[in-house]
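Below is one structure, written out as structure tokens; comments come after it.
The values are calculated or read from the model by the stated rules, or taken from the named source; none is laboratory data. These numbers come from a predicted model, not from an experiment. Note that each Cβ is placed from the backbone with ideal geometry, even for glycine, and that neighbours are counted across all protein chains shown.
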Amino acid sequence: MADKHPDATMTPALHDLILERLAGDDGIDDTALRLVDAACRGGKVLAAQLGKLGDEVSRVAAAGPAHAPGAAAVYVERLRVAGFRGIGPARQLELRPGPGLTLIVGRNGSGKSSFAEALETLLTRDSRRWQSRPKDWRDGWRNLHVSSAAIDATFLVEGDGRVIVRRRWDDGADLNTSTLGVQRDGSDLAGLEALGWARALDTFRPFLSYSELGAVLAEPSKLHDELSSILGLGAISAAIDRLNDQYRRRDKQRKQARDELAPLVKALESMDDPRARQCRDALAGRTWALDEVEAALLGGGNDADTGELTHLRRLAQLPLPNLAQLEQAVAALRDAITARAALADTGEAQRAALAQLLEHAVAYVDGHGGDCPVCQAALPGDWAASARVRLDQARTQARAVRDAGAQVATRQRAVRQHMRQPPPALTQAEALGLGSEALAAWRAWADAPDEPAALCDHAETGALAVHETVDSLRHAARRRLDAMESTWRPLARQLAAWLKTARAVQADSEARSALQRARTWLKDAEAAIRADRFEPIAARAQQTWNLLRQDSNVELRRVALEGKATRRRVALDVDVDGKPGVAVGVMSQGELNALALSLFLPRMTLPDSPFRFVVIDDPVQAMDPHKVDGLARVLEQVAAVRQVIVLTHDTRLLEAVRRLGIEATAVEVSRRAQSVVEVRGVLDPVEHHLADARRCLHDEDALGPGLAARVVPVFCRLAVEAACSEAVRRRRLGRGDRHADVEQAIAGARGLHQLAALAVADDSGDGNRVYQYLNNKLGRDAGDAFKRIKQSVHAGGELGPLAELVADARAIATTLRRVA
Amino acid sequence: MSPRELLAAAARLVDRADESTRGVWARAAAICARQALELELARRLPPGVQAAPFATQLLVYRVIGGDANAAYVWAALSRACHHQGYELPPTAMALRGWIADVDGFLAVGERAS
């Protein structure tokens, strides 16, 4: 996004100021601090800083030379205008470079304002301001008497020397289609931007016209903009905007995720599904538990062991009794029962007793022989053999019976093997609303009788019942599961998509809050810096007002920039006869103009502005005579540090300047037929001092010879000094010397001779050249005359006739001022 | 009358809405204040200079190191003294300001002596 602030690039001074405040503020964390710094450096730096949020970056490491150098200071020396507005054939306005007051006086329609407009057009043709001019103005800019229009001006630029700016219009071209040329030493420069003026013209606009003065107080927001732009805080606003943009972009994503979530939560709420419930709980809080949502989506989560879904899945997969195997087992048991029953007919106990008896009998006969000990009958000879056979038979039969019983027991166990206790999952069926029949059937089945035959019947009938009930339970569970899946699936897909956005939003949350903190901090800093910076301007405005008010009973108590956006305004609190009021409400038009001037003059004379000239068009209108005196003195003050060019149709200002003895240059502009404009000098500092000298000379008798000899030479000397200063400025400013150095050289010259040496030889030490030059130009006596003037302030010098001294001073001053 | 008395008279003319001075009070006050200034200035200048026009006296005063404000106030008062058909007389507020300036000027002299 393009920065919308014209002075979006932060000056090093302002950036340093912010860094200083950052360093001194414990209330800001490191992350936000780096964002503030990055935002001050520009949009790209901020984006990069956000990209590596959390990385350890040194405060200074990110620094780069992001600052535009300030424009060099400039005076205007000459303005030449042709075919523009009221000026027909080319006319030139010579202006004395350096601090000083120049009045351009002329009647309305004389073309004087055309000079001011020409200078402004030359520099700011592209400016937005011209767009707001009425169409008639824009169409009627061309002079009717001359077809080709051109404006040239010579500027003395610190470091560059003379720079000529030209604007030309082809015949018939409209105001907006001109060609601009900027030249230094005969070589072309790339437009006004090369001089760094484009932005400064916007910020410090060195032009002020009566119409603006009148309008500006009527529009509080416009005045606010005009004044706040000089504070150069647009760069902070731009930085705040950058933070804002980054924050908004992220917040938009967050809001989008939030908005998308609402219908999803609604769907989750209407869904009877444990995963849905889990997701809902995870998303209910201020911070989303996205991991839980993801777990639910993946089918894991806290439902894994005890949850409904698990139970349902287990129920759906319950084992059914294996009817075929059970049938086999039951059949085998029945066979074993039958087999045992067949053996049981012979009487097992008898057989066992007989076997025992026979065993004992055989053992007795074997041991003792003889007759039968029981019946005493003789035993046949083969008795023992036959008894042994019978004993074996009895033993075999007893073993068969034992085996058959064991077989029954084994098979009984095999059957029971199929009829264990119901699986635990089955116990959940009733809780899940799937009935208890299966569980009851299974429990009844498991509760089997011990008697083998009964067991057989129980196992068979029970298995059928269990099989039937469990099978239908399995189906019910499966249906339930399917129903859940069919509603969950699509929602789960949506949730998965949303989860991705939400993850990004969550990852950005630190950046968002850091951006918010950075923005808040910078906004506070802006307000504080604004107040700090505006304070001296407000103070200057009050001083100026105190000079201008003269006979006004309105005292300017407070000037402050207030409010924001559409409510921004300049608060002008005044006291009227000691009672508080609001300026605009209680002041006359003349007072309002004076007040506006009080507010604008400080702006035009800020040290940050490269423009050491200010052009004020018709400030005198609607002013009372006494305010004109005040204005003259205000202008005198400004002229001490600035080249002040005032255009006025009102001779009162010139009159006030003369009457108050303010050092000034004045030219008169008049317009003759065919737009022929005449420019005529009517007052200048050299003449001013010479006039004072002549006045004292005229009253020589009253002053007496002693006092006259003391006073007249002072003014002669002042005249020559003014001429020398003018020459020094013209030369040194013209070659691009620093303005401060030039003024220092002039102030530092010790005595008139050094100053004259500066003027003639550009070297305060080369005093001989002054005599050579003057003798050469004005004849042999000139050097001596200079010596007399030079020594005049010291008592005892030989002065000669005072009238001659004044005449000599005039000749010398006139010559010296043109030396450079 | 001493400069102080003249200045007090000027202040009275401004501060009292007296029917007898209607229409002339402003100019009269300006004249009194200016005379106070001129008398005090004459006191500070070498004798004889008073014969010169006051504008010249002010130039002399400037050369011998007087403050520039005296010239401003004198110029403003002079303007107010002259009845000019195209100009309204000064307001009470303006006059009070000038009277205060003259008062300051007198005070400097009083401290010095």
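List of remarks:
- Answer from A:A441, A:A483, A:A453, A:A492 - the residue that is without any contact (Cβ under 8 Å) to a residue 12 or more places away in the chain and small (G, A, S): A:A483
- Residue-level check: of (1) part of a helix (DSSP H, G or I); (2) surrounded by fewer than 19 Cβ atoms within 10 Å (Cβ to Cβ); (3) touching a residue at least 12 places away in the same chain (Cβ under 8 Å), A:V682 misses just (1).
- Screening A:S221, A:S228, A:S178 for residues that are buried (at least 16 other Cβ atoms within 10 Å of the Cβ) and farther than 18 Å from A:D152 by Cβ leaves exactly one candidate, A:S228.
- In segment A:603-628, the residue that is nearest to the other protein chains (Cβ to nearest Cβ) out of those that are touching a strand residue (DSSP E or B) at 6+ places or on another chain (Cβ under 9 Å) and among the aliphatic types (A, V, I, L, M) is A:V620.
- Any hit, segment A:372-390, residues being closer than 30 Å to A:I337 by Cβ and assigned by TED's automatic domain parsing to the domain that holds A:A339: yes
- One residue from A:R732, A:R738 being buried (at least 20 other Cβ atoms within 10 Å of the Cβ), of a type in the set (K, R) and more than 14 Å from chain B (Cβ to nearest Cβ): A:R732
- Within segment B:53-72, the set of residues being facing another protein chain (nearest Cβ under 10 Å) and within 21 Å of A:Q637 (Cα to Cα) comprises B:L58, B:L59, B:R62, B:V63, B:A68, B:N69, B:A71, B:Y72.
- So A:L653, is it in contact with a helix residue (DSSP H, G or I) (Cβ under 9 Å, 6 or more places away or on another chain), crowded, with 23+ Cβ neighbours inside 10 Å, aliphatic (A, V, I, L, M) and part of a helix (DSSP H, G or I): yes
- Residues of segment B:73-87 classified as of a type outside the set (S, T, Y) and either touching a residue at least 40 places away in the same chain (Cβ under 8 Å) or more than 8 Å from chain A (Cβ to nearest Cβ) (or both), total: 9
- With respect to the conditions (1) modelled with pLDDT of 80 or more; (2) in contact with a Pro (Cβ under 6 Å, 6 or more places away or on another chain); (3) not small (G, A, S), B:E87 falls short on a single one, namely (1).
- B:L95 satisfies every condition listed in (1) surrounded by fewer than 18 Cβ atoms within 10 Å (Cβ to Cβ); (2) facing chain A (nearest Cβ under 9 Å); (3) under 19 Å from B:L6 (Cα atoms); (4) among the aliphatic types (A, V, I, L, M) except (1).
- Breaking point among (1) of a type outside the set (V, I, T); (2) assigned to a helix (DSSP H, G or I); (3) surrounded by fewer than 22 Cβ atoms within 10 Å (Cβ to Cβ), for A:D766: (2)
- Here A:R96, A:R166, A:R162, A:R133 are screened, and the one residue that is assigned to a loop (DSSP other than H, G, I, E, B), modelled with pLDDT of 85 or more and of a type outside the set (F, W, Y) is A:R96.
- Criterion: assigned to a helix (DSSP H, G or I) and modelled with pLDDT under 85 - qualifying residue of A:R286, A:R280, A:R275, A:R313: A:R275
- Hits in segment A:223-248 (condition: modelled with pLDDT under 90, assigned to a helix (DSSP H, G or I) and more than 13 Å from A:C40 (Cα to Cα)): A:L223, A:H224, A:D225, A:E226, A:L227, A:S228, A:S229, A:I230
- Of all residues in segment A:656-679, none satisfies the criterion of being away from chain B (no Cβ under 12 Å), within 24 Å of B:T56 (Cβ to Cβ) and assigned to a helix (DSSP H, G or I).
- Residue count, segment A:527-559 (criterion: in a strand (DSSP E or B), more than 14 Å from chain B (Cβ to nearest Cβ) and surrounded by 15 or more Cβ atoms within 10 Å (Cβ to Cβ)): 2
- Residue within segment A:788-804 that is modelled with pLDDT under 90, away from chain B (no Cβ under 14 Å), under 30 Å from A:L95 (Cβ atoms) and surrounded by 23 or more Cβ atoms within 10 Å (Cβ to Cβ) present: yes
- Residue in segment A:337-352 that is surrounded by 17 or more Cβ atoms within 10 Å (Cβ to Cβ) and of a type in the set (G, A, S) present: no
- Complete set of residues in segment A:689-699 that are at the interface with another protein chain (Cβ under 9 Å from one of its Cβ atoms), surrounded by fewer than 24 Cβ atoms within 10 Å (Cβ to Cβ) and farther than 17 Å from B:A42 by Cβ: A:R695, A:H698
- Test: residue in segment A:480-496 that is touching a helix residue (DSSP H, G or I) at 6+ places or on another chain (Cβ under 8 Å) and farther than 30 Å from A:D259 by Cβ: yes
- Selection status of A:L635, more than 14 Å from every other protein chain (Cβ to nearest Cβ), farther than 18 Å from B:L58 by Cβ and touching a residue at least 24 places away in the same chain (Cβ under 8 Å): no
- For segment A:702-712, the set of residues classified as facing chain B (nearest Cβ under 8 Å) and modelled with pLDDT of 85 or more consists of A:V711 only.
- The lone exception for A:V686 - which of (1) of a type in the set (A, V, I, L, M); (2) within 12 Å of chain B (Cβ to nearest Cβ); (3) over 26 Å from A:R205 (Cα atoms) it fails: (2)
- Residue that is of a type in the set (G, A, S), assigned by TED's automatic domain parsing to the domain that holds A:L309 and either farther than 30 Å from A:D245 by Cα or without any contact (Cβ under 8 Å) to a residue 60 or more places away in the chain (or both), where the choices are A:A502, A:A477, A:A527, A:A497: A:A497
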